[in-house]
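I have placed the structure first, in the form of C-alpha cells, so that the comments after it can refer back to it.
The values are calculated or read from the model by the stated rules, or taken from the named source; none is laboratory data. Please read all numbers here as calculations on a predicted model, not as lab measurements. As a convention, Cβ positions derive from the backbone with ideal geometry for all residues, glycine included, and neighbour counts pool all protein chains shown. The accessibility values were calculated without ligands, DNA or RNA, using every heavy atom of the protein model including side chains. Shrake-Rupley method; radii C 1.70, N 1.55, O 1.52, S 1.80 Å.
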Amino acid sequence: MIFYFTGTGNSKHAAQMIAESENDTLYSITQAVRERKFTYNLDDEKAIGFVFPVYFGGLPSIVREFIENVRFENIKDKYVYLLLTCGGKTYDAGGMFAKRMAERGYQVDALYGVRMPDNYVPMFNPPTGEKAEALLAQAVKEIREIALSIQARKKGDMIAVKGMFPKAATALMYPFYDRTRKTKKFYATDACTGCGLCEKICPCGAIELKNGKPVWVKEICAQCFGCLHRCPVRAIQFGKGTDKRERYVNPYSEGLKI
Ligand SMILES: Cc1cc2nc3c(=O)[nH]c(=O)nc-3n(C[C@H](O)[C@H](O)[C@H](O)COP(=O)(O)O)c2cc1C
C-alpha cells in the first residue's frame, strides 16, 4: 500500500517506480481526503509507503490532514517508509512526518528523499527541455537505488538532500506555508477556454467554473500549483511574474488525474 500526493507528477512518478519494484498498489491521498476514507486494514500488506513533495521544508496541508485522520489497523511489524520529492532540499520534512506519525501512534522505519524538477513557480523558473530531462534521469537513477533499499527493508534516515541545519530551516520556513497558501493571487486570463481541467484536478476543490471560467471559491488551497502548470493554454497565473515563467509537468507520471 503506497499513499501518494502530487501536484505536477514528480511524486506520482516516484511512487509508480516504487510500486513497480514492490509489486504494490498506489492510493491517492487526494482521493482519500475527498472521500473521507481514513481507515485502512493492513492485514494483507507487507509494507506501507508514503510519497509526496516537500513544501516550505515540511508537509503539504493535505498530507497533514490525512495523517491527522488516518487509522491503520494491524500495522504492527509492518515496514513503514517515506519518500520525499523536492526541488532542492527536504530540510526537516522527514522529521516532521515521523513526528506527526508518532503522535498518532505509528512508527516510521525509513526516510528517503530525491531531488526532482522544482515546481515552485512564484519563486523559480521550472526547468524544461534538456535540463529537465537531465534532472529526471538523475532522479530515476536515485529512485532505483531507493527501491532496492526499500526492498531490503533498510531502516533509518537516509535522506541525503536535507541541507544545512534542517530543523532550524524548517522551523523558520514552514510557518510561511500556511501564511502564503491563499488563493487570492490566482486568476485566469482571457486565454482560458473553459475546459474545466483545473476544477477537476484541484485536490482541495478550491476551483469552480463560473460562466465558463475558473473561480477560486476557497480562501486557501494546498498550493500544489497543479492548476497553473497543467492548464493546457497557460491561462492560469499567480500574482505577478508567472506569465513569464515556464510550466512543468512530469512527463513520466501516468494517468495524472489527482
Ligand atoms: C508550495 C511549494 C513549496 C515548495 N517548497 C519546497 C522546499 O521547501 N524545498 C524544496 O526542495 N522544494 C520545494 N518545492 C518543490 C517541490 O517539492 C518539488 O518540485 C516536488 O518534486 C513537486 O512534486 P509534485 O510534482 O509531485 O507535485 C515546493 C513546491 C511548492 C509547490
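Brief remarks on what is shown
- Of all residues in segment 96-117, those satisfying the criterion of being within 16 Å of the ligand (Cβ to nearest atom) and touching a strand residue (DSSP E or B) at 6+ places or on another chain (Cβ under 8 Å) are Met96, Phe97, Leu111, Tyr112, Gly113, Val114, Arg115, Met116.
- Enumeration of residues in segment 84-95 that are touching a helix residue (DSSP H, G or I) at 6+ places or on another chain (Cβ under 7 Å), open to solvent by 20 Å² or more (accessible area, probe 1.4 Å) and within 7 Å of the ligand (Cβ to nearest atom): Tyr91
- Within segment 219-250, being touching a Gly at 6+ places or on another chain (Cβ under 7 Å) and part of a loop (DSSP other than H, G, I, E, B) holds for Cys224, Phe225, Val249, Asn250.
- Verdict on Leu26 being of a type in the set (A, V, I, L, M), in contact with a strand residue (DSSP E or B) (Cβ under 7 Å, 6 or more places away or on another chain) and more than 16 Å from the ligand (Cβ to nearest atom): no
- Search result, residues across segment 118-131 that are within 12 Å of the ligand (Cβ to nearest atom) and either open to solvent by 10 Å² or more (accessible area, probe 1.4 Å) or free of Cβ contacts under 8 Å to residues at least 24 places away in the same chain (or both): Asp118, Asn119, Tyr120, Pro122, Met123, Phe124, Pro127
- Scanning segment 202-258 for residues that are small (Gly, Ala, Ser) and either within 10 Å of the ligand (Cβ to nearest atom) or touching a His at 6+ places or on another chain (Cβ under 7 Å) (or both) returns Ala222, Gly226, Ser253.
- Close pairs from segment 148-166: first surrounded by 12 or more Cβ atoms within 10 Å (Cβ to Cβ), partner in a strand (DSSP E or B) and basic (Lys, Arg), Cβ under 6 Å, at least 6 apart: Val161/Arg115
- Some residue of segment 210-233 being of a type in the set (Phe, Trp, Tyr) and at positive phi: yes
- Considering the conditions (1) surrounded by 15 or more Cβ atoms within 10 Å (Cβ to Cβ); (2) over 25 Å from Ser61 (Cβ atoms); (3) touching a Phe, Trp or Tyr at 6+ places or on another chain (Cβ under 8 Å), Glu142 is excluded by exactly one of them, (3).
- Residue count, segment 194-219 (criterion: touching a residue at least 60 places away in the same chain (Cβ under 8 Å) and surrounded by fewer than 16 Cβ atoms within 10 Å (Cβ to Cβ)): 1
- Pair list, Cβ < 7 Å and 6+ apart or interchain, from segment 92-110 residues that are touching a residue at least 24 places away in the same chain (Cβ under 8 Å) to residues that are outside any helix (DSSP H, G or I) and open to solvent by 60 Å² or more (accessible area, probe 1.4 Å): Gly94/Asp157; Asp109/Lys155; Ala110/Lys154; Ala110/Lys155; Ala110/Met158
- Subset of segment 172-194 (residues that are assigned to a loop (DSSP other than H, G, I, E, B) and within 12 Å of the ligand (Cβ to nearest atom)): Arg181
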